[in-house]
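K.L.:
Let me give you the structure first, and then I'll get to my questions.
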Amino acid sequence: MLQVDDIQLAFGGVKALTGVTVHAEKGRITAVIGPNGAGKTSLFNVVSGFYRPQVGRVVLDGEDISDLKPHARAYRGMSRTFQNIALFHGMTVLDNIKLGAHTNLKSGILTAGLRLPLTRNEESMLDREIRRDIIGLLELDHVQHHPVEDLPYGLQKRVELARALVMKPKILLLDEPVAGMNREEKREMSRFVLGVKKNWNTTVLLIEHDMSMVMGISDHVVVLSFGKPIASGTPDEVRANPDVIKAYLGGADEPAAA
Ligand SMILES: Nc1ncnc2c1ncn2[C@@H]1O[C@H](COP(=O)(O)OP(=O)(O)OP(=O)(O)O)[C@@H](O)[C@H]1O
Ligand SMILES: [Mg+2]
């Protein structure tokens, strides 16, 4: 579904990514992990279109999207969450989720805080679809009419996930979805990401620091260290790889076996 081929990205003299290739298979969860400074965020920005690499290409469902801007990638079925919560206060959970549709339905980009006018027909169809397909799956029924800012952190992150799903993306990019979460919240988020995959066969590219989450839910893992891929394979293969253990021990992280 997504091919990121042989990416090279430098900021001045700093090589952030060298020869990075990641293929995300349809209906699978592919994770990119690595210690601090490994290049995870840089890669995420290359995939979503915020950074233009000097070398390499990004192909989505057979189409080379390397030259497309972020909103054009979104329009083609690439959806993302943000590492920091990007929800609109003063709006309910349901309204925040509905904003996910504006990315594609009306405007090119999510316009800050604006409730762009959808036709009544579009609006009620959207409500129905969200209630039927998303609210139930992500167990948000009980809070759908609450203002988002009243919710605990873990639930807010789940609302973000819901919003990213509104357009039924071909690929869902998750940027450190469990950063800052406690153990219970991490478990919940893992369960919901797995639920999305099972129910919708959504392709997921997960960029994550947290080993326990990645090892628990991924089908395929790519490990970066200092901007280079050092290993890839199933979670078990990667966990047992001496280079991976060394890279994590050398950094400020927990060892890969944790
Ligand atoms: N905008 C930028 N300008 C200059 N250098 C950058 C920029 N973004 C990243 N870098 C450098 O590129 C390298 C990779 O950084 P990146 O943020 O992608 O790593 P990361 O794996 O996301 O790290 P972390 O786990 O700390 O979030 C680092 O050496 C970093 O200093
Ligand atoms: Mg980062």
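K.L.:
May I ask you to compute the full-extension gain from Glu63 to His142, defined as 0.36 nm times their residue separation minus their alpha-carbon distance, rounded to one decimal in nm?
P.N.:
On the way: separation 79, 0.36 × 79 = 28.44 nm, distance 4.01 nm.
Result for the pair: 24.4 nm of gain on full extension.
K.L.:
Follow-up question, since we're still on this one. For the cross-link pairs Lys15/Lys69; Lys26/Lys228; Lys69/Lys197; Lys170/Lys197, which exceed 20 Å when the distance is taken from alpha carbon to alpha carbon?
P.N.:
Working: Lys15/Lys69 22 Å; Lys26/Lys228 24 Å; Lys69/Lys197 26 Å; Lys170/Lys197 11 Å.
Beyond 20 Å between Cα atoms: Lys15/Lys69; Lys26/Lys228; Lys69/Lys197.
K.L.:
Could you give each residue of the stretch 138-153 its phi-based ³J(HN,Hα) in whole Hz, using Karplus coefficients 6.51, -1.76, 1.60 with θ = phi - 60°, and x for Gly or Pro?
P.N.:
Per-residue couplings from phi come out as 9, 6, 10, 3, 5, 10, 4, 9, 7, x, 4, 5, 7, 8, x, 3 Hz.
K.L.:
What angle do you read, to the nearest 10 degrees and between 0 and 90, between the alpha-carbon axis of helix 93-105 and the longest principal axis of the chain?
P.N.:
Result, in degrees: 80.
K.L.:
Based on Cα positions only, what radius of gyration and what Dmax would you give for the stretch 175-214, in angstroms?
P.N.:
10.1, 27
K.L.:
With each run of n ≥ 4 DSSP H residues scored as -39500 (n - 2.57), what mean residue ellipticity at 222 nm is computed for the chain after dividing by its residue count and rounding to the nearest 500 deg cm²/dmol? Write out the running numbers ahead of the final one.
P.N.:
Working: 9 runs with 91 residues, N = 258.
Only helices count here, giving -10500 deg cm²/dmol.
K.L.:
Ok, one more. When the Karplus curve 6.51 cos²θ - 1.76 cosθ + 1.60 is applied with θ = phi - 60°, which whole-Hz ³J(HN,Hα) does each residue of the stretch 56-68 get, with x for Gly and Pro?
P.N.:
Those phi angles translate into x, 9, 10, 10, 10, 6, x, 9, 6, 10, 3, 9, 8 Hz.
K.L.:
Turning to a different aspect of this structure: What does DSSP give for the chain in terms of the percent of beta bridges that are antiparallel, rounded to the nearest 5?
P.N.:
Approximately 55 percent, going by the DSSP bridge assignments.
K.L.:
Now for a separate question. Assuming 0.36 nm per residue, please report the length gained on full extension of the stretch Phe82 to Arg191 beyond their Cα-Cα distance.
P.N.:
Working: separation 109, 0.36 × 109 = 39.24 nm, distance 1.87 nm.
Computed gain between Phe82 and Arg191 is 37.4 nm.
K.L.:
Show the residues, 5+ positions off or on another chain, whose built amide H is closer than 5 Å to the amide H of Arg57.
P.N.:
Hits under the 5 Å cutoff: Asp5.
K.L.:
Ok, one more. Each residue of the stretch 181-188 in turn: what ³J(HN,Hα) in whole Hz from Karplus with 6.51, -1.76, 1.60 and θ = phi - 60°, glycine and Pro shown as x?
P.N.:
Taking θ as phi minus 60°, the curve returns 8, 7, 4, 5, 5, 5, 4, 4 Hz for the stretch 181-188.
K.L.:
Residues with amide H under 5 Å of Phe50's amide H, sequence separation 5 or more or different chain, H placed in the peptide plane at 1.01 Å from N; which?
P.N.:
Amide H neighbours of Phe50: none.
K.L.:
Rounded to the nearest 20 Debye, what is the dipole magnitude of the chain about its Cα centre when Lys and Arg each give +1 and Asp and Glu each give -1 at the C-beta? Display every interim value, and only then the final one.
P.N.:
Values: 31 positive and 31 negative charges, 92 e Å.
It works out to roughly 440 debye.
Coordinate-derived values only; no laboratory data. Everything numeric in this text was worked out from a predicted model, so none of it was measured. Here Cβ is always computed from backbone atoms with ideal geometry, including for glycine, and neighbour counts include all displayed protein chains.
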